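Asker: Once you've had a glance at the structure underneath, I'll fire off some questions.
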Amino acid sequence: MQKGPRGGKEIYNRRRKELLNKLQGGVAIIPSGQELIRNNDVHYPFRQDSCFYYLTGFIEPESVVILDPSSPNPFTMFVRERDPSREIWDGFRYGIEGAGEYFGPNKVYPISEFHTRLPEIVKNAEKIFYKIGENKEYDQSIFEAMEKARRLKGRSGIGVAALVDVKQIIGEMRLFKTPEEIELLRKATEISAHGHIAAMKVCKPGMFEYEIEAEVEREFRRRGADRLGYTSIVGSGANATVLHYISNSDKMEKDQLLLIDAGAEFGYVTGDITRTFPVNGKFSASQKKFYEAVLTVQKDCINFVKPGGKLPDIHAHAIEGLTDAMVELGLLKGKRKELIESRAFFKYYPHGTSHWLGMDVHDAGLYSLNGEPRKLEKNMCFTVEPGLYVSESDTEAPAEYRGMGVRIEDDVVVTEKGCEVLTKLAPKEISELEGFIGKSV
Ligand SMILES: [Mn+2]
């Protein structure tokens with residue numbers, strides 16, 4: 001086993017230094033992710049909390065990081081102690097010594113001492129940087145420690161410290177990707193694209209959605225993905241119109257479209273790709289018309305990405321294009337402007353066009369600054385994912401489009417003049433798709 005944080009200590013050291021500079025007058029308390037019981041003595045697979053990982057590269061649960069810029073020991077870790085009997089079952093732990101040796105803290109304590117040491121940690125802080133609501137036990141300890149610190153100040157009249165959401169501050173750091181983060185994103189999105197290609201190749205009428213799901217995820221793992229970035233959506237026919245369809249349990253019929261929204265996580269960053277294609281490998285005339293409308297809009301939106309642009313402008317662009325398509329396809333009647341003002345388009349395009357992407361599929365970072373949508377800057381990473389969905393029961397829609405759902409999603413990173421499409425390996429042109437589908441041998 002390779003010891004220490006992935007990519008070496010330096011990356012995490014740099015991130016902590018940057019955060020420490022933003023914590024003047026305060027102390028940050030950042031707990032690890034929590035192990036969750038699924039049933040009885042079985043846990044859900046553990047994945048480290050993204051902010052905690054971002055600052056440490058440490059992947060064990062039951063840990064806390066303290067960052068205190070006013071202390072001679074600005075970086076403290078609380079971790080699990082080594083436990084040979086538990087390690088037989090659960091595997092290696094770094095313990096106090098290992099965490100100290102490999103992760104670079106100034107001080108390390110056993111996690112069992114966290115609650116008793118906390119009042120001392122927060123005693124002089126004017127601000128506590130913490131994320132409330134993720135762990136009730138820590139919430140309680142921190143409130144109690146803050147109250148205790150106030151009481152220790154006697155009749156001074158000084159109130160409790162201010163509580164600041166540390167995730168917002170770390171989120172702003174995470175929003176701007178460094179070269180090594182972009183490299184990881186390239187890898188995660190490349191693996192993700194290969195998963196989609198693998199699915200296209202084996203797809204045949206009569207297969208079940210879960211077989212496609214298995215194929216996508218097999219390819220992810222085969223190529224070294226750590227896990228999924230989110231639960232895979234594999235929806236054929238009208239299931240594609242259910243935005244978060246994850247049961248993936250139906251049999252796929254020859255005249256249906258199949259929508260796959262799946263992304264691989266690699267090195268704690270994830271891809272997020274959606275592709276839609278005909279189960280039998282050949283677009284029918286109506287499928288083609290419907291699909292091409294979304295594809296044209298999607299490509300236009302990508303061309304629209306550049307520094308200084310804004311996500312709401314890209315979304316507005318998608319809405320305009322898709323509303324025109326809705327009229328063209330006979331889904332709506334009227335003028336573009338009115339259909340947008342009345343939000344009539346929302347019936348067929350009920351979601352946003354983009355979200356930040358990174359360690360989390362819906363990544364951290366503010367969308368607005370001072371009440372205004374923020375400008376795109378170099379090294380921001382996000383998705384472009386317009387779609388069009390017609391409910392099966394929509395008797396107002398032309399019969400040929402009922403139960404049809406198409407979404408096309410790519411991941412982009414903003415460059416000097418435009419953007420790099422990280423997911424370009426995943427086919428989306430009709431001719432390309434038709435060349436791949438069902439061509440496994
Ligand atoms: Mn997405």
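We did not get these values from a lab; they are worked out from the coordinates using the rules stated. Worth saying up front: this structure is predicted, and the values here are computed from it rather than measured. We place every Cβ from the backbone using ideal geometry, glycine too, and count neighbours over all the protein chains shown.
Asker: For a quick protection proxy, order the peptides 259-269, 28-38 by their average other-Cβ count within 10 Å, most packed first.
Answerer: 259-269, 28-38
Asker: In nm, give the distance between the simple-model label positions of Phe176 and Glu392, each being 7 Å from the Cα along the Cα-to-Cβ direction.
Answerer: 4.9
Asker: Shifting gears a bit: Among Asp41, Asp300, which comes first, then next, by fewest other beta-carbon atoms within 10 Å?
Answerer: So the ranking, lowest neighbour count to highest, is Asp41, Asp300.
Asker: May I pose another question? What list of ³J(HN,Hα) values in whole Hz, one per residue of the range 268-274 in order, does the Karplus curve 6.51 cos²θ - 1.76 cosθ + 1.60 (θ = phi - 60°) give from phi, with Gly and Pro shown as x?
Answerer: Each residue of the range 268-274 in turn: 6, 10, 10, x, 8, 10, 10 Hz.
Asker: Same structure, new question: Taking the Cα centre as origin and putting +1 on Lys and Arg beta-carbons and -1 on Asp and Glu beta-carbons, what dipole magnitude results for the chain, to the nearest 20 debye?
Answerer: That gives the chain a dipole magnitude of about 940 debye.
Asker: Where the only charges are on Cβ atoms (+1 Lys, Arg; -1 Asp, Glu), what is the dipole of the range 176-436 about its Cα centre, to the nearest 20 debye?
Answerer: Dipole about the Cα centre, nearest 20: 340 debye.
Asker: If you don't mind, there's one more thing I want to ask. For a 22 Å ceiling on Cα separation, which of these pairs sit above it: Lys375/Lys417; Lys9/Lys306; Lys254/Lys289; Lys177/Lys428?
Answerer: From Lys375/Lys417; Lys9/Lys306; Lys254/Lys289; Lys177/Lys428, over 22 Å: Lys9/Lys306; Lys177/Lys428.
Asker: With a Förster radius of 60 Å, plug the Cβ-Cβ distance of Asp90 and Lys289 into 1/(1 + (r/R0)^6) and report the FRET value to the nearest 0.05.
Answerer: 0.65
Asker: Let me ask you something else. Taking the highest mean first, how do the peptides 51-58, 314-321, 159-166 order by number of other beta carbon atoms within 10 angstrom per residue?
Answerer: Going from most to least packed, we get 51-58, 314-321, 159-166.
Asker: Okay, moving on. To the nearest 10 degrees, how steep is helix 209-222 against the longest Cα principal axis of the chain, on a 0 to 90 scale?
Answerer: 50
Asker: Angle between the Cα long axis of helix 285-303 and the longest principal axis of the chain, 0 to 90 degrees, nearest 10?
Answerer: 40
Asker: Here's another thing I want to ask about it. Working from Cα positions, state the angle (0 to 90°, nearest 10) between the long axis of helix 179-202 and the longest principal axis of the chain.
Answerer: That works out to roughly 40 degrees.
Asker: Now for a different question. Hey, could you grab the Kirkwood Rh for the chain? Inverse mean 1/r over distinct alpha carbon pairs, Å, one decimal.
Answerer: 24.0
Asker: For the range 176-436, what class follows from the C-alpha gyration tensor (a ≥ b ≥ c being the square roots of its eigenvalues): rounded when a/c is under 1.5, otherwise prolate if a/b is larger than b/c, else oblate?
Answerer: Oblate.
Asker: Here's another thing I want to ask about it. Sorted by mean Cβ packing within 10 Å, highest first, what order do the peptides 85-91, 196-202, 408-414 take?
Answerer: Taking the mean over residues of other Cβ atoms within 10 Å, the ranking is 408-414, 196-202, 85-91.
Asker: Quick one: which residues, 5+ away or cross-chain, put their amide H under 5 Å from the amide H of Val108? H built at 1.01 Å from N.
Answerer: Sorted by chain and number, the residues that satisfy this are Met77.
Asker: Can you work out the Karplus-derived ³J(HN,Hα) for every residue in the range 400-408? Use 6.51 cos²θ - 1.76 cosθ + 1.60 with θ = phi - 60°, whole Hz, and x for glycine or proline.
Answerer: Once θ is set to phi - 60°, the couplings for the range 400-408 become 5, 9, 5, x, 9, x, 9, 9, 10 Hz.
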